[in-house]
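Reading through the structure tokens given below for one structure.
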Amino acid sequence: MKNKSIHIAAVAAAVFVPLALFLHTFSASPLPKPEPYTGPQPSATPPQNLAVFSVVTGVNHRVTAFGYRGGSLFERRDFSMAGAQVKHPKGDLLIDTGFGRNIDEQFRTLPWGLRAVTPYRV
């Protein structure tokens with residue numbers, strides 16, 4: 001019986017110690033606050049009618065650990081998918097960094113496990 005208990009304890013330690021070390025890597029580790037920039041400002045001469053807009057295209061509902069290192073496995077957060085629109089006198093430019101128009105079809109191509117933990121809203 002004592003031998004069996006030692007084997008169970010060794011297996012438990014072999015499983016739980018690496019798991020605990022891995023989960024510890026998700027603990028918060030904030031970066032030090034940088035010193036304020038005191039150098040000269042770069043020169044810029046944008047056109048008179050230049051404008052930049054953020055275009056939110058969707059929201060991804062995840063725990064913060066999936067969003068950034070040090071994020072909690074228990075804190076939920078909404079991560080937005082966005083693009084940028086640049087209005088320029090010579091023409092407009094759209095930089096699309098978000099969900100496409102066919103997000104439902106694209107979402108169905110993801111592996112089942114990823115779909116199960118990634119709800120989204122258009």
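Read-outs throughout are calculated quantities, based only on the coordinates presented, and are distinct from any laboratory measurement. Computed from a predicted model, the values in this text were never measured in an experiment. Cβ sites come from the backbone with ideal geometry, for glycine too, and all protein chains shown count toward neighbours.
A compact table of results
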{"read-out": "Whichever residue in the range 35-59 is touching a residue at least 40 places away in the same chain (Cβ under 8 Å) and touching a His at 6+ places or on another chain (Cβ under 9 Å) and, among such residues, is nearest to Ala82 (Cα to Cα)", "value": "Asn49"}
{"read-out": "Qualifying residue in the range 16-34 (condition: within 30 Å of Lys87 (Cα to Cα), touching a residue at least 12 places away in the same chain (Cβ under 8 Å) and either more than 23 Å from the chain's Cα centre (by Cα) or assigned to a helix (DSSP H, G or I) (or both))", "value": "no"}
{"read-out": "The listed residue being within 20 Å of Ile103 (Cα to Cα) and in contact with a Lys or Arg (Cβ under 6 Å, 6 or more places away or on another chain), out of Val59, Val63, Val55", "value": "Val59"}
{"read-out": "Positions within the range 100-120 being outside any loop (DSSP other than H, G, I, E, B) and surrounded by 10 or more Cβ atoms within 10 Å (Cβ to Cβ), in sequence order", "value": "Ile103, Asp104, Gln106, Phe107, Arg115, Tyr120"}
